[in-house]
1. Please return the ranges of helices (runs of 4 or more DSSP H) entirely within the stretch 34-152 where 2 or more residues are of a type outside the set (Val, Ile, Thr) and over 18 Å from the mean Cα position of the chain (by Cα).
2. Scan the stretch 136-143 and tell me whether some residue there is farther than 22 Å from Arg59 by Cβ, at pLDDT below 95 and either surrounded by 15 or more Cβ atoms within 10 Å (Cβ to Cβ) or touching a helix residue (DSSP H, G or I) at 6+ places or on another chain (Cβ under 7 Å) (or both).
3. Residue under question is Leu44, and the condition is that it be modelled with pLDDT of 85 or more, touching a Leu at 6+ places or on another chain (Cβ under 7 Å), closer than 30 Å to Lys142 by Cβ and among the hydrophobic types (A, V, I, L, M, F, W, C); does it hold?
4. Does Ile4 satisfy the condition of being free of Cβ contacts under 8 Å to residues at least 40 places away in the same chain and not small (Gly, Ala, Ser)?
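The values are calculated or read from the model by the stated rules, or taken from the named source; none is laboratory data. All values reported here derive from a predicted model rather than from experimental measurement. Cβ: placed from backbone, ideal geometry, glycine included. Neighbour counts: every protein chain shown.
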Amino acid sequence: MPLIVWYLQGFLTPVIGFIATYIAFQQWKTKQLQLNLERYDRRLRIYEAVKKIIGIVTRDGDVKTEELLTFMTDAAQADFLFGSEIKQYIEEMYRRGIKLGAANKMYNHNRDKPGFNPQKTVEEQTVQLNWFGQQYDVVTDKFKKYLNVNKL
């Protein structure tokens, strides 16, 4: 066997090993990108649920219990996909939605009753509606670090 064939056979084994390693690395990188895209998609759905509930409240001036329960169901994975500040933000949004809904129900059920003083109820409605109205400016900043496409 000629000497050059012997050298080529010896050289071929490391080349094949290098190519196999390179392919494995590229597959790993592709899988990481897929995982990041899946995580981004799930995070985006929660962000959209938050924006949706803000839109409902600011459009209607009220929120139904069913809408809040749907919101909490849609945002249930937030514990696993975001930091604790997003979980707390979602819980605060839920609590304020409950307060707003309760104040609206109290006002609607009691406004025609003699002796009902709506001042406290209207103040509660105003506080909650103002808070929800301010969230259009806040929500994007809260979610920005988790939804930055440049970090994928």
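1. Ranges flagged: 84-110, 119-144.
2. No; the residues of the stretch 136-143 include none that is farther than 22 Å from Arg59 by Cβ, at pLDDT below 95 and either surrounded by 15 or more Cβ atoms within 10 Å (Cβ to Cβ) or touching a helix residue (DSSP H, G or I) at 6+ places or on another chain (Cβ under 7 Å) (or both).
3. yes
4. yes
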